[in-house]
Amino acid sequence: MTTTPILTGIAQHKIKTNRLEMAYLEAGTGSTPIVLVHGNTSSSLFFQDFMLALAADNHYKIYAPDLRGFGDTQPLPIDATRGLRDFSDDLSSLVQTLDLAPFHLLGWSLGGNVVMQYAIDYADTLRSLTLQAPGSPFGFGGTKDVA
């Protein structure tokens, strides 16, 4: 597990899904799940303060996984021909293993792109989708013109 301190009120876990071993943070005691997906060169640790703020009203159970190759999640290869589907399929396997659906989903930066792909492939599992400063839906190069 990481050597970065975990704030009081947050638990760190690892779980084996049908795709890989994933690390995630968990906070809150509520019955409504929220999943937070971090950005590039980051990890679930980015969300600690936000998780505690969301958990304060006791309505939510908050999960923040580390994406494949980030934080303490298994660093398996990524098949670039699948776009972001390795990440979104990993997220789906975590959601299924934890039996979270339906849930709220938030993605920040690269995580925003991951959750957009997840919403395309697994929309029936979501209550809502929130994007925080996501990357361009056209990839890291963004757009240059109408075409």
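The values are calculated or read from the model by the stated rules, or taken from the named source; none is laboratory data. Computed from a predicted model, the values in this text were never measured in an experiment. Every residue, glycine as well, gets a Cβ built from its backbone with ideal geometry; the counts of neighbours run over all protein chains shown. Surface areas here come from the heavy atoms of the whole protein model, side chains and all, with no ligands, DNA or RNA. Shrake-Rupley method; radii C 1.70, N 1.55, O 1.52, S 1.80 Å.
The condition of being of a type outside the set (A, V, I, L, M), part of a helix (DSSP H, G or I) and modelled with pLDDT under 95 holds for only one of THR97, THR81, that being THR81.
Contact map, segment 40-69: residues that are in contact (Cβ under 8 Å) with a residue 24 or more places away in the chain paired with residues that are of a type in the set (Lys, Arg) and assigned to a loop (DSSP other than H, G, I, E, B), Cβ distance under 9 Å, separation 6+ or inter-chain. Pairs shown: ARG68/ARG19. Filtering segment 55-69 to residues that are among the hydrophobic types (A, V, I, L, M, F, W, C) and crowded, with 21+ Cβ neighbours inside 10 Å leaves ILE62, ALA64, LEU67. Among the residues making up segment 38-54, those that are open to solvent by 40 Å² or more (accessible area, probe 1.4 Å) and of a type outside the set (A, V, I, L, M, F, W, C) are ASN40, THR41, ASP49.
Every condition in (1) open to solvent by less than 50 Å² (accessible area, probe 1.4 Å); (2) at positive phi holds for ILE34 except the one numbered (2).
Just one of SER88, SER43 is among the hydroxyl-bearing types (Ser, Thr, Tyr), in contact with a Gly (Cβ under 7 Å, 6 or more places away or on another chain) and at pLDDT 95 or above; which is it? Can you show your working first?
Values: SER88 fails: in contact with a Gly (Cβ under 7 Å, 6 or more places away or on another chain).
SER43 is the lone residue from the list that is among the hydroxyl-bearing types (Ser, Thr, Tyr), in contact with a Gly (Cβ under 7 Å, 6 or more places away or on another chain) and at pLDDT 95 or above.
State all residues of segment 71-102 that are touching a Ser or Thr at 6+ places or on another chain (Cβ under 7 Å) and either loosely packed, with under 14 Cβ neighbours inside 10 Å or of a type outside the set (D, E, K, R) (or both); if no residue qualifies, say none. Quick ask: steps written out before the conclusion?
At the first step, the residues of segment 71-102 found to be touching a Ser or Thr at 6+ places or on another chain (Cβ under 7 Å) are 71-72, 93-95, 97, 101-102.
Scanning segment 71-102 gives GLY71, SER93, LEU94, VAL95, THR97, ALA101, PRO102.
Scan segment 117-134 residue by residue and report those that are of a type in the set (A, V, I, L, M) and open to solvent by less than 50 Å² (accessible area, probe 1.4 Å). So that I can check it myself, show each step before the final result.
At the first step, the residues of segment 117-134 found to be of a type in the set (A, V, I, L, M) are 119-120, 123, 126, 129, 131, 133.
Once the filter is applied, which keeps residues that are of a type in the set (A, V, I, L, M) and open to solvent by less than 50 Å² (accessible area, probe 1.4 Å), segment 117-134 yields ALA119, LEU126.
Among the residues of segment 5-22, the ones that are within 17 Å of ASP49 (Cα to Cα) and loosely packed, with under 12 Cβ neighbours inside 10 Å come to 3 in all.
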